[in-house]
Amino acid sequence: MTRFAYVAADGQNNVVKGKTDLPDRSSVITALAKQNLRPISIRKLKDSKSSFDFDHMFESTKVKQDHLVAFTRQLSAMISAGVPLLRSLTSIQKHSEDKALKKILGDIVKDVEGGMPMGDALAKHPDTFNDIYVNMVRAGEAAGILDDILKRLAGQLEKSAAIRKKIKSAMAYPMVLMGITVLAFFGLMLFVVPQIGKILKDLGGPDAELPAITQAMLGISGFIVNYWYILFPVLIGAAIGLVMYIRKSPRGKRQFDTLILKLPAVSTIVRKISVARFARTFSALMGAGVAVLEALDVTSRAIGNVLYEETLKQAAIEVKNGKSLSSVLEQSDLFPSIVSQMLAVGEETGQTDTVLLKVADFYEEEVDLAIEGISSIIEPVMIVVMGGMVGLIAASVMTPIAGLSQSIK
């Protein structure tokens, strides 16, 4: 990206210095003229990617969700109180505690000063402001209700963050148990089972006939001990490769999303989360005045599941051909009948955003109950798995010892 540093003078001949990301020198001159500034010098900066900045090397470039919500609420309150947009942005940027957000707001302030609409300025930072955020701000600017739209956005962000936190907290305990189970397995195979095998051979002699379960356990342990330097890199590489295949490959992501929707316990939660996310996102966009087709396009990418995305994009095509959205979704297996019924009521009364908001609230409560239910099931299942593993090793040890004791008798 081209970057310029400029020195300019205002009407009172005060010197103003700054930097901008505009594409060429003439654009910089035009932007300065709109701010009633007279350019003194304009200098093209070197590409920041070619220089190594030690000062910012360890700085986080990701804006925390809580800080983004706080920024949205503050901006909404200031605009609602009659404070001009540029002054509101400058004030929030000046007092921001999040360094990443402060830097981004600095760029946004410069763009807005140069005459760029706020929605376009936000779109230059997609890692912080997603499509939903940008499209709602653009709609709010066009309709002159930016303060109300920002208030809706803040609520949307808080709801999404709350669902993510609940899912993370529900998954934390099972993941810890799974990690302990894996570590315990490899620990026993590497350090405990070889010693037990040595003791059994010393007691029974080199020609002792060990049970099949004991031989299998000693064989697995021997393989891990002898080839750990090959096994561990292969397992780690396979795990990384699988994650990359799911995240980066369209085919892998589609296969993963299809599998998730078929798993007995998990599919229920995923479906309810997807429906709640669709209802809340589509409701927010419709309430902001975004066109139906554009709202469907943005919502399809916000759900996070390829199958739902394909369904909504196909729905957009059929809506464009004259069908109602409720009748299209009624034919899909991914959306419960209550969604199409409520959507039909919203279409008839002209209150689609309000109706879908109630659908989102209902399914978010359902998600909470489903997460609590699966959390209560996972704990005993993981305990049984750990107990079974330990019991299997104990059986492989005790069976030959019992046989040796009978031989001694």
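The values are calculated or read from the model by the stated rules, or taken from the named source; none is laboratory data. Bear in mind the structure is a predicted one, so any value in this text is a computation, not a measurement. As a convention, Cβ positions derive from the backbone with ideal geometry for all residues, glycine included, and neighbour counts pool all protein chains shown.
Yes/no matrix, rows are residues, columns are (1) aromatic (Phe, Trp, Tyr); (2) assigned to a helix (DSSP H, G or I); (3) surrounded by 17 or more Cβ atoms within 10 Å (Cβ to Cβ); (4) touching a helix residue (DSSP H, G or I) at 6+ places or on another chain (Cβ under 7 Å):
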residue: GLN156; (1), (2), (3), (4): no, yes, yes, yes
residue: SER160; (1), (2), (3), (4): no, yes, yes, no
residue: ILE163; (1), (2), (3), (4): no, yes, yes, yes
residue: MET175; (1), (2), (3), (4): no, yes, no, no
residue: LEU183; (1), (2), (3), (4): no, yes, no, no
residue: ILE196; (1), (2), (3), (4): no, yes, yes, yes
Only one of (1) over 17 Å from VAL7 (Cα atoms); (2) out of contact with any Asp or Glu (no Cβ under 7 Å at 6 or more places or on another chain); (3) modelled with pLDDT under 85 fails for VAL63. Which number is that? (2)
Look through the stretch 192-241, keep the residues that are at pLDDT below 85 and polar (S, T, N, Q), and return whichever of them is nearest to PRO400 (Cα to Cα). THR214
Matching option when the condition is within 26 Å of LYS262 (Cβ to Cβ), in a helix (DSSP H, G or I) and among the hydrophobic types (A, V, I, L, M, F, W, C), among VAL319, VAL339, VAL345: VAL339
Considering each residue of the stretch 160-198, count those that are touching a residue at least 40 places away in the same chain (Cβ under 8 Å), closer than 30 Å to GLY219 by Cα and touching a Ser or Thr at 6+ places or on another chain (Cβ under 7 Å), and give that number. 1
Under 29 Å from GLY179 (Cα atoms), of a type in the set (D, E, K, R), under 24 Å from the mean Cα position of the chain (by Cα) and not in a helix (DSSP H, G or I): does that describe LYS272? no
Are any residues in the stretch 333-372 surrounded by fewer than 19 Cβ atoms within 10 Å (Cβ to Cβ), touching a residue at least 60 places away in the same chain (Cβ under 8 Å) and hydroxyl-bearing (Ser, Thr, Tyr), and if so, which ones? THR354
Right, LEU188: in the same structural domain as GLY304 (by TED's automatic domain parsing) and assigned to a helix (DSSP H, G or I) or not? yes
Given the conditions (1) surrounded by fewer than 19 Cβ atoms within 10 Å (Cβ to Cβ); (2) under 32 Å from the mean Cα position of the chain (by Cα), and given that ILE132 satisfies all but one, which numbered condition is not satisfied? (1)
Do we have any residue at all in the stretch 117-137 that's in contact with a Ser or Thr (Cβ under 7 Å, 6 or more places away or on another chain), closer than 20 Å to ASP24 by Cα and touching a residue at least 12 places away in the same chain (Cβ under 8 Å)? no
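Here is a yes/no grid of residues against (1) assigned by TED's automatic domain parsing to the domain that holds GLN195; (2) among the small types (Gly, Ala, Ser); (3) touching a Lys or Arg at 6+ places or on another chain (Cβ under 8 Å):
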residue	(1), (2), (3)
ILE303	yes, no, yes
ALA316	yes, yes, no
SER332	yes, yes, no
MET342	yes, no, yes
GLU347	yes, no, no
TYR363	yes, no, yes
SER375	yes, yes, no
GLY388	yes, yes, no
MET398	yes, no, no
Please find, among SER376, SER396, the residue that is more than 27 Å from the chain's Cα centre (by Cα) and either among the aliphatic types (A, V, I, L, M) or assigned to a helix (DSSP H, G or I) (or both). SER396
Answer with yes or no whether VAL69 is in a loop (DSSP other than H, G, I, E, B), in the same structural domain as THR128 (by TED's automatic domain parsing), under 28 Å from GLY144 (Cβ atoms) and modelled with pLDDT of 75 or more. no
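Do we have SER332 as polar (S, T, N, Q), assigned to a helix (DSSP H, G or I) and under 28 Å from the mean Cα position of the chain (by Cα) here?
Answer is no for this residue.
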Of everything in the stretch 81-122 that's within 19 Å of LEU32 (Cα to Cα) and not in a helix (DSSP H, G or I), which residue is modelled with the highest pLDDT? PRO117
Consider ALA265 carefully, then state whether it is part of a helix (DSSP H, G or I), surrounded by 14 or more Cβ atoms within 10 Å (Cβ to Cβ) and touching a residue at least 12 places away in the same chain (Cβ under 8 Å). no
